[in-house]
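Taking it in order: structure first as C-alpha cells, then the write-up.
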Amino acid sequence: MKLLIIEDESALNASIVAYLQQVGYTCESAEDFRKAWRKIANQDYDCVILDLTLPGGNGLDLIRLLKTNNPEAGIIIISAKNALDDKISGLELGADDYLTKPFHLSELNARLRSVIRRRNITSQKVIQLGSLEVYPESAEALVEGRKMTLTKKEFELLLYFVSNKNRVLTKDSIAEHLWGDHIETLDSLDFVYTHIKNLRRKLIETGAEDPIQTIYGMGYKFNY
C-alpha cells in the first residue's frame, strides 16, 4: 500500500511516516501545498492523509484534485479541534474519515486499515455472502434473489457490517460511521439500535438467517 502524508508540522509528519513504514506501508510525504499538489497530480496513492491547513494553499483543493485524478484513493483528514467546518467540507467533498489532533498513531493506523478495507469492499461490483448479495454502486441488496427495501442509512449500515464481517463494532463506531460530525448534534445514540433492529427485521423477512449478533457490553458483530 502506497500512502501520501501531507502535514506541515515536520516532527508530526516524520513521526507518522516512520510509524506507518514500520507497520508495512510505503510512504511519501509533503509539507506544503505546492509539493503535495505535484505529487497528487503525477502519482496514484492508495490513501492520502492530510492536514487541511497548509502553507501555500487549502487542503480542500487537494481533495478536489484527488477526486478528479485518483478517485479510488482513500482520504483521511487530520485537523485541529477548531476546524469543524473544514472537516465537514472535506467529508462532503469525499474524504473517508478524520482525526482531531492530538491523536495516537495506533488510532491513525486503525482508521487507515478501516478506510482501505471499506474502499476494497465498495470497489467490488457485487459482494456475495451466502444467500446475501450486496451491490455497492447501486445501493441494492438481495437475499436469494429477492430485493430488500432499505433506507439510505440502513444500506450504509449493512455495507459497514459487510465490510467488517466477523468483527465487533461498537455502538459509537456505528454512530460515527452513519453520522460523522453531525453525531455531536444528537441527543442520544438510540437511533443506532433502531437502525439495527430494522435491518435485522428486513434481512429475516427477505429470507436470510439473522446475521447480527449482539455482544453485550461491547457492540454488534455481523456473522457470515
Among the residues in segment 127-137, are any loosely packed, with under 14 Cβ neighbours inside 10 Å and without any contact (Cβ under 8 Å) to a residue 24 or more places away in the chain? yes
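Please verify whether segment 27-40 includes one or more residues that are modelled with pLDDT of 90 or more, in a loop (DSSP other than H, G, I, E, B) and either closer than 27 Å to SER173 by Cα or open to solvent by 60 Å² or more (accessible area, probe 1.4 Å) (or both).
The answer is yes; a qualifying residue exists.
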Please verify whether TYR220 is more than 21 Å from GLY74 (Cα to Cα) and at pLDDT below 90, treating the condition exactly as stated. no
Among the numbered conditions (1) surrounded by 17 or more Cβ atoms within 10 Å (Cβ to Cβ); (2) of a type outside the set (A, V, I, L, M, F, W, C); (3) in contact with a helix residue (DSSP H, G or I) (Cβ under 7 Å, 6 or more places away or on another chain), tell me where ARG146 comes up short. (1)
Condition first: outside any strand (DSSP E or B), in contact with a Phe, Trp or Tyr (Cβ under 8 Å, 6 or more places away or on another chain) and closer than 18 Å to LEU199 by Cβ. Now tell me which residues in segment 119-145 satisfy that. GLY130, ALA139
Sort out which residues of segment 205-223 are within 16 Å of VAL162 (Cα to Cα) and more than 21 Å from the chain's Cα centre (by Cα), and write them in order of number. ALA208, GLU209, ASP210, PRO211, GLN213, THR214
Being part of a loop (DSSP other than H, G, I, E, B), surrounded by 13 or more Cβ atoms within 10 Å (Cβ to Cβ) and more than 16 Å from the chain's Cα centre (by Cα), is that true of even one residue in segment 156-170? no
Scanning segment 171-206 for residues that are outside any helix (DSSP H, G or I), exposed (fewer than 14 other Cβ atoms within 10 Å of the Cβ) and of a type outside the set (Gly, Ala, Ser), which turns out modelled with the lowest pLDDT? LEU186
Part of a helix (DSSP H, G or I), in contact with a strand residue (DSSP E or B) (Cβ under 9 Å, 6 or more places away or on another chain) and either modelled with pLDDT of 90 or more or open to solvent by 40 Å² or more (accessible area, probe 1.4 Å) (or both): is that true of LEU50 in this structure? no
I need a count of the residues in segment 207-221 that are open to solvent by 30 Å² or more (accessible area, probe 1.4 Å) and not acidic (Asp, Glu). 8
For segment 69-100 the number of residues that are touching a residue at least 60 places away in the same chain (Cβ under 8 Å), exposed (fewer than 15 other Cβ atoms within 10 Å of the Cβ) and in contact with a strand residue (DSSP E or B) (Cβ under 6 Å, 6 or more places away or on another chain) is 0
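The values are calculated or read from the model by the stated rules, or taken from the named source; none is laboratory data. Keep in mind that what you see is a predicted model, and the values were worked out from it rather than measured. Neighbour counts run over all protein chains shown; Cβ positions are idealised from the backbone, glycine included. Accessible surface areas use protein heavy atoms only, side chains included; no ligands, DNA or RNA. Shrake-Rupley method; radii C 1.70, N 1.55, O 1.52, S 1.80 Å.
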